[in-house]
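Read-outs: derived from the displayed coordinates by stated rules, not from any lab. Please read all numbers here as calculations on a predicted model, not as lab measurements. Please note: Cβ atoms are built from the backbone with ideal geometry, for glycine as well, and neighbour counts cover all protein chains shown.
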Amino acid sequence: MAINLNLLLKVMVQNKASDTHIRGDSSVFLRIHGAITPINSSNMTEKEVEDLVFPLMTPRLKRIFEEKHECDFSYEGGELGRFRFNVFMHKGKIGVAIRHIPLKIPTFEELRLPQDSIKKILTNERGLVLVTGITGSGKTSTLAAMIEYLNQSWEAHIITVEDPIEFSFTEKKCIISQRELGADTTTFVDALRAAMRQDPDIILVGEMRDLETTQAAITAAETGHLVFATLHTMNAVQTVSRIIDLFPPHQQGQVRMQLSESLRGIISQRLLPCSKGGRLPAVEIMTNTPHIKKMIAENTIDGITGAIGKGAFYGMQTFNQSLVKMHKEGMAKLEDILQAASNPDDVLLAIKGIEQEIEGKR
């Protein structure tokens, strides 16, 4: 089967695949609801892969690929949506990973997120809000839903710094300046520093990937802006620890104080199969209450998970609580819930406790 770009993207969208994987002299694979699935009779030669992807790359991107053997860019697929391409080398051959970005910005309801808790965090007009999780856990979609919610609610200037631009926003109540690394700015740090002179109310940083970007994001949050960013961390405790550990030991005390004052919330998520089809997120939500603020400042962050578990009044929930709720509502199979849990025994114990309580009332 001869594969051209439009056919490939159409097959991807029709099968509701989140990602497509192409490698020279290999079949094309789709990721559907988290599982990797080959497309029958789709073997592509290295030359066919090059002919597919190289025409999409600008001279600048081609130079980056030649120098670094990998590059990222986004592609407008018309009614099919937008697509993020990562082109790379493996075993001396070219490979491509394509992520589908729908045209429509997803809502909290469509993503099955705990919207009341998230909207509560979004009442803050300044400070740092982090969305965390492993690659492919839905961080970008969650951030897009949050920005779109503010786009419909606030009258503000939103600046995004992305690598590359993924969701494309239509301005409603807000004006939105979307900047792409490489095309519109050189680095996250440069963009954050320049943003201070661009009259922003809200700043989205694609990823806090190094010390300089992290410091610039915290500083922007301290100076009266609402700042969103992502981190590849599993939960709130790991997120706080990762940020502090980015800094040299002599600065960590000061950074703990800065973070304790500027942080507003951490939303961590993991995707698992839904019993009703598709995937749904297990979500841990931490808001920076006075108690948690004190723990961050005093470096007693091991107690944060316990505080989250007792913080339902503030809209907080742990991963365990999210997973137990999924089981109670019949939204996921027990084996998938236990596989997603950090502490499967604790989740199983909580589920059995609920079942015994229900049995006792009969």
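Taking amide hydrogens as placed 1.01 Å from N in the peptide plane, the amide H of Arg82 sits under 5 Å from those of Gly77, Ile101, Leu103, each at least 5 positions away in sequence or on another chain. The charge dipole of region 108-317, taken about the Cα centre with unit charges on the Cβ atoms of Lys, Arg (+1) and Asp, Glu (-1), comes to about 680 debye, rounded to the nearest 20.
For region 226-362, the normalised intensity computed at q = 0.20, 0.21 Å⁻¹ comes to -1.16, -1.23 (log10 of I(q)/I(0), Debye sum over alpha carbons, equal scatterers, no solvent).
Compactness of the chain was expressed as the Cα radius of gyration divided by 2.2 N^0.38 Å, which yields 1.05.
Could you give the length gained by full extension between Ile175 and Lys62, i.e. 0.36 nm per residue of separation minus their alpha carbon distance, to one decimal place? Each step should come with its number before you reach the end.
Values: separation 113, 0.36 × 113 = 40.68 nm, distance 3.23 nm.
Additional length available on full extension: 37.4 nm.
Distance from the Cα centroid of region 85-125 to that of region 27-73 is 20 Å (rounded to whole angstrom). Amide H contacts under 5 Å for Thr185: Glu180, restricted to partners 5 or more places along the chain or on a different chain, H placed in the peptide plane at 1.01 Å from N. Taking Lys and Arg as +1 and Asp and Glu as -1, the other residues whose beta-carbon sits under 9 Å from that of Tyr75 total +1. Of the residues Cys174, Pro200, Phe108, the one whose Cα sits farthest toward the positive end of the charge dipole of region 108-317, with +1 on the Cβ of Lys and Arg and -1 on the Cβ of Asp and Glu, is Phe108. Here the Gaussian network model covers the chain, with springs between Cα atoms less than 10 Å apart; of Thr186, Thr142, Thr305, Thr186 fluctuates the most.
Percentage of Cα-Cα pair distances in region 47-204 greater than 24 Å, rounded to whole percent? Intermediate values should be presented prior to the final figure.
On the way: 5065 of 12403 pairs.
That tail contains 41 percent of the Cα-Cα pairs.
To two decimal places, what compactness ratio does region 5-101 give when its Cα radius of gyration is scaled by 2.2 N^0.38 Å? Mind showing how you got there, number by number?
Numbers: Rg = 12.8 Å, N = 97, 2.2 N^0.38 = 12.5 Å.
Here the answer is 1.02, to two decimals.
Would you order Val161, Val324 from fewest to most other beta-carbon atoms within 10 Å of each residue's own beta-carbon? Write out the running numbers ahead of the final one.
Values: Val161 28, Val324 23.
Listing Val161, Val324 from fewest to most nearby Cβ atoms yields Val324, Val161.
Given a Förster distance of 22 angstrom, what is the FRET efficiency for Arg193 paired with His250, based on the Cβ-Cβ distance and rounded to 0.05? With a Förster radius of 22 Å, E is 0.40. Karplus-derived 3J(HN,Hα) values for region 228-242, using 6.51 cos²θ - 1.76 cosθ + 1.60 with θ = phi - 60°, are 10, 7, 10, 9, 8, 10, 8, 7, 5, 4, 5, 5, 4, 4, 4 Hz; glycine and proline are entered as x. Among Glu70, Glu162, Glu109, a tally of other beta-carbon atoms within 10 Å of each Cβ gives an order, fewest to most, of Glu109, Glu70, Glu162. Modelled spin labels at Glu79 and Glu155, positioned 7 Å past Cα toward Cβ, are 3.8 nm from each other. Taking the Cα centre of the chain as reference, the dipole from Cβ charges on Lys and Arg (+1) and Asp and Glu (-1) amounts to some 600 debye.
Relative contact order, percent, of the chain when contacts are C-alpha pairs under 8 Å separated by at least 6 residues?
Details: 638 pairs, mean separation 45.9, N = 362.
It rounds to 13 percent for the chain.
Extending 7 Å from Cα along the Cβ direction at Asp345 and again at Lys93 yields two label points whose distance is 4.5 nm.
Each principal axis of the Cα cloud of region 246-317 was taken in turn, and the coordinate range along them, longest first, works out to 50, 29, 19 Å. Close amide H pairs (under 5 Å, H built 1.01 Å from N) link Arg112 with no residue at least 5 positions away or on another chain. Three principal axis extents describe the C-alpha atoms of region 178-239; from largest down they are 33, 27, 18 Å. Here region 1-146 is treated with +1 on each Lys and Arg Cβ and -1 on each Asp and Glu Cβ, and its dipole about the Cα centre works out to around 300 debye. The ellipsoid equivalent to the alpha-carbon distribution of region 108-317 has semi-axes of 24, 23, 16 angstrom, derived from the gyration tensor eigenvalues as √(5λ) and listed largest first. Residues of region 111-152 with an amide N closer than 15 Å to a point placed 7 Å from the Cα of Glu329 along the Cα-to-Cβ direction: 111-119.
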